[in-house]
Structure formats: C-alpha cells, structure tokens
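As structure tokens, the structure follows; a few thoughts come after it.
The values are calculated or read from the model by the stated rules, or taken from the named source; none is laboratory data. Predicted model only: the values in this text are computed from it and were never measured. Because the Cβ atoms are built from the backbone with ideal geometry, glycine has one as well, and the counts that use them run over all protein chains shown.
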Amino acid sequence: FQNTLLCFFILFSFNSCKPEQEEPEFLLRAALLVNEEHTWYKAFVYFGQILEERSKGRIKVEVYPSEQLAKEIEAIRLIQADVIDMTTTGSTLTNWFEVATFCELPFLMQDSTDMNRYINGPIGTLMEEEMITKSGLRSLGHFERGPRHLTSNRPIRHPDDLDGLIVRVPNVPSFVTLWKALGAKPTPMAFSEVFTSLQQGTIEAQENPFALINNAGFAEVQKYLNLTGHVISWVYPVIGEKQFQRLPPDLQKIFLLAADDMQAYEHRLFLDNEKMVQDELKAKGMEFIEVDKDAFQEKCEAAIYNSLSPEMKKIYDQLKTE
Ligand code: 2Q2
C-alpha cells in the first residue's frame, strides 16, 4: 500500500513538473525491473520512439527502470488498477493463473527451438488467453532469455553441495518447489531487493540469466557462476487490457505493429549481447563452474511434476511427448 501511495506521488509530481509540455492523448507508463543498460529497457525506449513517431505524437511512453515505480507483482496490480500501463512478466503470473508456470518450468525446455514451439503452439495461445481473462494483461510478444544459472560464494557442482544454501527466488511457486527439492532454502523476494540482501548476507545465492546477473551487478557480491541452466524461458512485455481497449482502432493497429518491431529489435540486441555479457562477467572476476546437470534434473523432476494440478500434469505430459 505504501508503495502504491509513493507511486501516485511520483506520477503526480512528474506531471506537475512539466506543465509547459502538452500532454499526449495517450501517456503509457512502463515499470521495468531491469536498469537502463538491459535489452528490455532499450526495447521499451525504442517502442516509445516508434509509437510517438507513427502515432504523430498521440501516444507517448515513459519507461521506469530498476523497479523504481513498482516491483514485478506490484506493477501487475497497478496495471490492473489502471494506475500504470505496461511491464514485463512471465511465470510470476502463476499467482493469477496456473498455466503461466510453463513459461519457466525447470528442465522443461532444452533450447530456443522448444521455446518457440511452445510460444507459437496451443500452450502459448492458452497462456495469452488466460493472461487477458484471468489477469487483465495483454501480451505484446515475447523476449527470449538465456538459461537461468545459480550464482553463489562457494562453487556448486552437484545438488549435494547446496546443503541448505539460502537461494533467493522470484515470487513463483515452481521455483520454491525446485530449490527445496534440490536441498537448498528458497526465499522468494522482489528482484530489486536481491543485491542488498546478498551484500548483507540475508541470502547467499540467487539464480538468473547471464544478462540479468550482469545488469544487476551481482558480480560484486557473488564469486561463482554455476552453470545449472535449470530454466529456459522468456518474458512477455504486456499492457493492461483495459488500457489497450481504450485506444481507438487506428492506434491499436499502430500499437500492435510497433510491438512486433519492438520484439524483433529486442531479439537482435539479445543475440548480440549474450556472448558479451559472459565475457564481462568473467572480466569482473566471476568464476564459471561446470555442474552435473543430470544430477540436478533427476533430483527435482518428480517434485516438480507432483506439484502440478491434474490439469497441468496433462499439459506437461503432452509437451514432453511432442
Ligand atoms: O529474478 C527475477 O526476478 C526475474 O528474472 C523473474 O524471474 C522474472 O521476472 C519472472 O519472474 C517473470 O515473471
């Protein structure tokens, strides 16, 4: 609640700071968890530029980085409350509808070919439908992410090495199931709190793709990058469905085409960036550790499967046999 108040305050004071500027017909605010250096941020800025151009100034986008405006879950709630308009999200939506768990289910997908098959297949369609009906959000495409890896201050080569390690996880049920089954102590926490919590030692480890590990400066507080690759995933850039429906048809068309261009733009940046961030992480002193991936997978598979509802088990079985 305090954050919501703060958010109102920020929005109103930003507005009153520039009375001389003419308000666009549609001002869309995006709350992102990444900072200005990350490809998602750059993609949203690009989206804003082409939208302003193509709508002849009728649409304007403001992008707020680093969870300054809202943490992921709050951002979703603020979009639902029509206070802000856009964010990036994925399996966090499991808190609204269960099928979102397949965005980031551990050891489900092998590579981006699998990922694209899911996104463009029946499961992807179902996700986008439920996103609208159950969470009031509309997907604007998807941003592919690199595999998630575990960072820590002692090398982890095998699940036995975890031994109660306190691992921060996003507010997503499957992540808690995964790390518990592996023998760690998962602690759900908003992304913007992770750096300080690692520094202060209230958590000992976290897991994310290379790009986000680098973006958040975790190399300063974590020595080892254990190549667990436990989750292959993507996130959805989203807008509130209410906010989208408020746009007149001509602007909706411009908006959706620009969203496609944003996705293509982000994907080029992602591909260029993926190797570079690994070099940067090594240059910052992180040591990359090869892990026994099979041992990780074997130890958690049953627990993850058993945590799914009967309906989700059916979908899982189907995905696995495709
Ligand atoms: O670690 C994080 O907070 C992100 O990488 C999240 O995993 C990501 O935002 C997903 O939870 C998407 O819903």
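What to note about this one:
- Which numbered condition Gly229 misses (of (1) assigned to a strand (DSSP E or B); (2) within 24 Å of Pro122 (Cα to Cα)): (2)
- Positions within region 278-298 being surrounded by fewer than 18 Cβ atoms within 10 Å (Cβ to Cβ) and assigned to a helix (DSSP H, G or I), in sequence order: Asp279, Glu280, Lys282, Ala283, Lys293, Asp294, Ala295, Gln297, Glu298
- Unmet criterion (only one of (1) within 14 Å of the ligand (Cβ to nearest atom); (2) outside any loop (DSSP other than H, G, I, E, B)) for Gln222: (2)
- Here region 145-167 is the region considered, the condition is being within 16 Å of the ligand (Cβ to nearest atom) and more than 15 Å from the chain's Cα centre (by Cα), and the residue that is nearest to Asp294 (Cα to Cα) is Leu150.
- When Asn215 is tested against (1) under 29 Å from Thr113 (Cβ atoms); (2) away from the ligand (no atom under 15 Å from the Cβ), exactly one condition is not met: (2).
Residue-by-condition table, conditions (1) touching a residue at least 40 places away in the same chain (Cβ under 8 Å); (2) away from the ligand (no atom under 16 Å from the Cβ):
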| site | (1), (2) |
| --- | --- |
| Ile203 | no, no |
| Asn208 | yes, no |
| Thr228 | yes, no |
| Ser233 | yes, no |
| Leu247 | yes, yes |
| Ala258 | yes, yes |
| Tyr265 | yes, yes |
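- Leading residue by the ranking (nearest to the ligand (Cβ to nearest atom)) among those in region 61-99 that are touching a Gly at 6+ places or on another chain (Cβ under 7 Å) and either charged (D, E, K, R) or within 21 Å of Met262 (Cβ to Cβ) (or both): Ile79
- Tally of residues being among the acidic types (Asp, Glu) and not in a helix (DSSP H, G or I) across region 123-149: 1
- Restricting region 58-74 to residues that are touching a residue at least 60 places away in the same chain (Cβ under 8 Å) and basic (Lys, Arg), the residue that is surrounded by the fewest Cβ atoms within 10 Å (Cβ to Cβ): Arg58
- Residue tally, condition surrounded by fewer than 19 Cβ atoms within 10 Å (Cβ to Cβ) and modelled with pLDDT under 95, over region 75-110: 1
- Considering the conditions (1) under 14 Å from the mean Cα position of the chain (by Cα); (2) surrounded by 21 or more Cβ atoms within 10 Å (Cβ to Cβ); (3) part of a helix (DSSP H, G or I); (4) of a type outside the set (Asp, Glu), Leu178 is excluded by exactly one of them, (1).
- When Asn15 is tested against (1) more than 16 Å from the ligand (Cβ to nearest atom); (2) modelled with pLDDT of 95 or more, only condition (2) is not met.
- The set of residues in region 180-194 that are within 12 Å of the ligand (Cβ to nearest atom) and of a type in the set (A, V, I, L, M, F, W, C) comprises Met189, Ala190, Phe191, Val194.
- The set of residues in region 185-206 that are assigned to a loop (DSSP other than H, G, I, E, B) and within 14 Å of Asn153 (Cα to Cα) comprises Gly201, Thr202, Ile203, Glu204.
- Test: Leu251 is more than 16 Å from the ligand (Cβ to nearest atom), under 17 Å from the mean Cα position of the chain (by Cα) and buried (at least 17 other Cβ atoms within 10 Å of the Cβ): no
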